[in-house]
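Structure first, commentary second.
The values are calculated or read from the model by the stated rules, or taken from the named source; none is laboratory data. These numbers were taken from a predicted model, which means no experiment stands behind them. Virtual Cβ from ideal backbone geometry, glycine too; neighbours counted across all protein chains shown. In case anyone asks, the SASA skips ligands and DNA or RNA and just uses the protein heavy atoms, side chains included. Shrake-Rupley method; radii C 1.70, N 1.55, O 1.52, S 1.80 Å.
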Amino acid sequence: MRHKHSKVLLVAVGALVLTAAIPLYHYHIFIFRKAAEDISIKYKLLLIKWFPFSEENSLKEWEEKIFKGKVVYKVEKERVVSYVRATSSQAASALYYRIKMDARRKRPVVSWKWNVQKFPTKKLPESLETKDEDDFAARVYVIFPAVFFTNSKVLEYVWAEALPEGTLGTSPYSKNIKLIVAQSGKNDGGEWCLEERDIISDYKLAFGRAPEYDICAVAFMT
């Protein structure tokens, strides 16, 4: 990932919720009523994992993958809202959480709120499929690892500055990483944007078939 044109980036990533449609007889489920109330009623869901990011040590259950330098991730609170602020100065590292979910017989949904404060500086037009400007203010990943690493699949949701929402592309680093523009444009009002993604529908759209592997991790980064 190239980040040499980036200035300091700020992105606040809100509470991440990983859920899946019932029945979920094979999961050990912890249900938080308040969190579940925030999810759209169009899904009949049981909550699998809820990340409130409400305590300073909330990030201890996440692991870090460093690509180029370390992004500063910090839990912050603003009135009644708590979140993770990610600040990057020509750095690229992701936080990921290991989780086991059946993606072949269930219909998992991932939901989160995010808020971009500054975008990377670019000299060329924004692109999902070239290494020159493969630099986005915020990314959320759903990872489907295979026994052979080269067969692993990844859905990568990005907040783009100029590319239209819904744009689909293949990563310049691997044909098995599919990028989806989930949010687009400068967030001049500074509002938190809610995303709810049907992972199986997105996977079929991106790869042209149903998942062959289960979900084993989610991640986010700037």
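Potential lengthening of the chain between residue 63 and residue 80 amounts to 3.5 nm, from the contour at 0.36 nm per residue minus the alpha-carbon distance.
By the gyration tensor of its Cα atoms, with a ≥ b ≥ c the square roots of the eigenvalues, what is the shape of the stretch 103-206: rounded for a/c under 1.5, prolate for a/b over b/c, or oblate? In terms of gyration-tensor shape, oblate.
Note on residue 209: accessible area is roughly 110 Å² with a 1.4 Å probe, heavy atoms of protein only. Take the Cα of residue 192, step 7 Å toward its Cβ, do the same at residue 174, and the gap between the two points is 3.1 nm.
Scalar couplings 3J(HN,Hα) for the stretch 134-146, obtained by applying the Karplus form with A = 6.51, B = -1.76, C = 1.60 to θ = phi - 60°, are 7, 9, 10, 5, 8, 9, 10, 10, 10, 10, 10, x, 10 Hz; x denotes Gly and Pro. For the stretch 115-153, GluC sites (Glu not before Pro) meeting the loop criterion (DSSP other than H, G, I, E, B) and having at most 13 other Cβ atoms within 10 Å: 129. Computed 3J(HN,Hα) for the stretch 108-114, one whole-Hz value per residue from the Karplus formula 6.51 cos²θ - 1.76 cosθ + 1.60 where θ = phi - 60°, is x, 10, 10, 9, 7, 10, 9, glycine and proline marked x. If a/c stays under 1.5 just call it rounded; otherwise compare a/b with b/c (prolate if a/b is bigger, oblate if not). Do that for the stretch 52-116, with a ≥ b ≥ c from the square roots of the Cα gyration tensor eigenvalues. It is oblate, given that a/c is not under 1.5 and a/b is not larger than b/c. Near residue 97, once Lys and Arg are set to +1 and Asp and Glu to -1 for all other residues with Cβ below 12 Å from its Cβ, the sum equals +2.
Within the shell defined by Cβ-Cβ distances under 9 Å, the residues around residue 153 carry a net charge of 0, with Lys and Arg each +1 and Asp and Glu each -1. The length gained by stretching the chain between residue 214 and residue 54 to full extension, at 0.36 nm per residue less their Cα-Cα distance, is 54.7 nm.
Please work out whether the stretch 39-198 counts as rounded, prolate or oblate from its C-alpha gyration tensor, where a ≥ b ≥ c are the square roots of the eigenvalues and a/c under 1.5 means rounded, while otherwise a/b larger than b/c means prolate and anything else oblate? Note, shape of the stretch 39-198 comes out rounded.
Considering amide H positions built from the backbone, and no H for Pro or chain starts, which residues 5 or more places from residue 217, or on another chain, come under 5 Å of its amide H? When sequence neighbours closer than 5 places are left aside, the close amide H contacts are 99, 143.
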